[in-house]
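So the structure is just underneath, and the comments pick up after that.
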Amino acid sequence: MGHDLCRRPHQRMKLPKRIGVFIGIAAGFAVLCGAFYWYETKPESSPVSRGAKLAHAAGCIACHGNSIDDPRANFRLRDESWSNESIAPIWEEEHSAKSLITWITHGVSERKRESHQQYLLQMPAYGDDGHLTVAEIEDVAAWALAVGMKGFQGYDNIDEDMPELEVADIAELETAELITLGDRLSRKSGCYQCHGELGQGGAENFASFKGYIPGFQGADFAKLTDNTNAGEIRHWIEYGRGVAIESGILGSMAKKYFEEQAIPMPAYEEILSDGEIELLVVYLKWINDQGPLDMAAIESIGETIYDNL
């Protein structure tokens, strides 16, 4: 009995240590989970999506409006009197990457400097004044070119009829044909409306995992499509959900977000033909291969579409 009494204090000493070890392990696990969640939910961006945010922050939308059909008021001095005129939308005329950089950086092109000074509201020189860096100006230009596709090459493209395509026909398309037809079908099917112009990052989406609809490029797209697997992309288009992302250890978590998000992916199985679905699969893989599109790439795509209309 005395021997047992001698052991009991020693046993009581071990219990707090075990609790401390348990707490340490639990705390470490919580930190790892937090780090994993932070990494997985870290927002992804592209020049176009960054440019869109900068355009709003810099007041571009406030002055130029959201589209050609959204004029904003201004006044112009003519013959010593002020006349009411609207500010030209960014997309009123077809801009090149070079011209956009000039306007954003200097506030006006040298050719229009004198006439520009007659306006009551004048374009700020975001580069000369140090408000935007060179990289930020290029992002805004990429956004303006991408959105401008709605009013020029892209708008003309959507008006053209889709040819009747069989699955076997898609592999025979030249790159220019793939870009033109893939862009046309994406516009007609509403893909860019959710996933962003040219698939460069989409609209905000309440209750989704990252809070927005992903684009057709980058880590988000790769994770959702089993590293851009063609069969997985096709399944998304046909049924509006993925197979790989809803399986495995994290499948139940992913499924929860898919079911609760405000804007779910529609199923196009009964809307598009097999050939059209195959076209989108190959086009989305091509967009993904280009990576996030910068202003030069967007300008090149626009020129390709224009030349093939």
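Observations on the model:
- For PHE75, the residues 5 or more places off, or on other chains, whose built amide H falls under 5 Å of its own are GLU85, LEU120, LEU121.
- The Cα trace of the range 266-309 gives Rg and Dmax of 13.2, 37 Å, the first to one decimal, the second as a whole number.
- Helix 251-260 axis, angle to the chain major axis (alpha carbon atoms, nearest 10°): 50
- The stretch between SER45 and SER99 holds 17.0 nm of extra length on full extension. This uses 0.36 nm per residue minus the Cα-Cα distance.
- Against the chain, whose longest principal axis is taken from its Cα atoms, helix 274-290 shows a tilt of about 90°.
- Point-charge dipole on Cβ atoms (K/R +1, D/E -1) for the range 136-222, about Cα centre, debye to 20: 460
- Helix 2-41 and the longest principal axis of the C-alpha atoms of the chain enclose an angle of approximately 10°.
- Karplus-derived 3J(HN,Hα), 6.51/-1.76/1.60, for each residue of the range 100-107, Hz, glycine and proline x: 5, 4, 4, 5, 5, 6, 9, x
- Over all other residues within a Cβ to Cβ distance under 13 Å of GLU232, the charged ones net out to +1, with Lys and Arg as +1 and Asp and Glu as -1.
- Dipole magnitude for the range 149-308: computed about the Cα centre from +1 point charges on Lys and Arg Cβ and -1 point charges on Asp and Glu Cβ, it is near 980 debye.
- Placed amide H near GLY202: partners under 5 Å, 5+ positions off or other chain: ILE213, GLY215
- Summarising the label geometry, the points placed 7 Å from Cα in the beta-carbon direction at ARG78 and LEU121 lie 1.9 nm from one another.
- Note on Cα extents along the principal axes in Å: of the candidates [x] 65, 50, 39; [y] 89, 75, 32; [z] 114, 56, 28, the value calculated from this structure sits at [z].
- Between SER300 and LYS17, residue separation times 0.36 nm minus the direct Cα-Cα distance comes to 95.3 nm.
- Here the range 96-171 is treated as a sphere whose radius is the Kirkwood value from Cα pairs; by Stokes-Einstein at 4 °C and 1.567 mPa s it diffuses with a coefficient of 86 µm²/s.
- Phi angles across the range 46-57 convert, under the Karplus curve 6.51 cos²θ - 1.76 cosθ + 1.60 with θ = phi - 60°, into 3J(HN,Hα) values of 9, x, 5, 5, 5, x, 4, 5, 5, 4, 6, 5 Hz, Gly and Pro given as x.
Laboratory data are not the source of any read-out in this text; all were calculated from the coordinates shown. The structure presented is a predicted model; accordingly, all values stated were derived computationally and were not measured. Positions of Cβ are generated from backbone atoms using ideal geometry, with glycine treated the same way; all protein chains shown enter the neighbour counts.
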